[in-house]
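Heads up: the structure comes next, in structure tokens.
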Amino acid sequence: MVAQQDADAFGELVRRHQSQVRNFLRKLSRDYELADDLAQDAFLHAWDKLHTFTGQGTFIGWLLKVAYTTFLQSKRKSKRYVEILAEIGDDADAIGSRHTEDSDEISDLDKFLAVLTEEERAVMILSYACGLSHREIGDAANLPIGTVKSIIFRGKEKVRESFGIEDHKYG
């Protein structure tokens with residue numbers, strides 16, 4: 001009976017949060033298959049570590065921290081990450097200037113994210129795609145709030161400069 005309740009509870013955990021976790025990992029890794037595998041691993045880790053969730057901050061913030069940690073651990077263990085970066089190219093100009101039939105499939109978001117470092121990309125995704133607060137991002141990425149704010153500011157500036165986007169907030 002307890003095993004069935006645990007299976008049901010785990011299923012509910014996955015059902016409620018799988019889209020957000022998978023989308024975060026897809027944007028971060030830029031590889032759908034890898035992201036799906038990482039999401040499965042992240043949910044298993046989260047289930048095993050559920051007792052460590054203290055209730056401080058949001059549950060999705062904690063879960064995304066588990067997913068981010070899973071991503072970082074996988075990256076350290078895998079040569080696939082290097083292959084992905086080589087495939088995609090870490091150079092946004094190459095992505096932006098390439099015009100083939102396949103280039104229509106590369107979204108503007110992917111182009112913008114390509115100019116950012118891995119840390120900047122993770123923070124920007126947590127902020128804009130996942131909607132986390134600066135404090136929640138700091139918790140998820142293990143960074144001070146001031147650093148999170150600086151990374152977001154720097155990331156936006158990099159995107160603006162790389163793509164010639166003017167800041168119209170004063171005009």
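Each value in this text was obtained by applying a stated rule to the coordinates, not by laboratory testing. As the structure is a computational prediction, the values presented were derived from the model and not from experiment. All Cβ positions, glycine included, derive from the backbone under ideal geometry; neighbour counts span all protein chains shown.
Descriptive notes on the structure:
- Residues of type lysines that LYS77 reaches as a straight line, Cα spacing below 19 Å, ignoring anything fewer than 8 places off in the same chain: LYS65
- Residues VAL14, VAL159 arranged by fewest to most Cβ contacts within 10 Å: VAL14, VAL159
- Sorting HIS45, HIS134 from the fewest to the most surrounding beta carbons within 10 angstrom yields HIS45, HIS134.
- Packing-based exposure ordering (other Cβ within 10 Å, fewest first) of ASP48, ASP31, ASP37, ASP139: ASP48, ASP37, ASP31, ASP139
- Among the listed pairs LYS111/LYS149; LYS111/LYS156; LYS27/LYS111, a Cα-Cα separation exceeding 18 Å is found for LYS111/LYS149.
- Whole-Hz ³J(HN,Hα) from phi, Karplus 6.51 cos²θ - 1.76 cosθ + 1.60, for the range 34-51, glycine and proline x: 4, 4, 5, 5, 5, 4, 4, 4, 4, 5, 5, 4, 4, 4, 5, 9, 3, 5
- The local environment of ALA140, defined by Cβ-Cβ distances under 15 Å, has a net charge of +1 under the rule Lys, Arg +1 and Asp, Glu -1.
- Full-extension gain in nm, SER162 to THR52, via 0.36 nm per residue minus C-alpha separation: 35.5 nm
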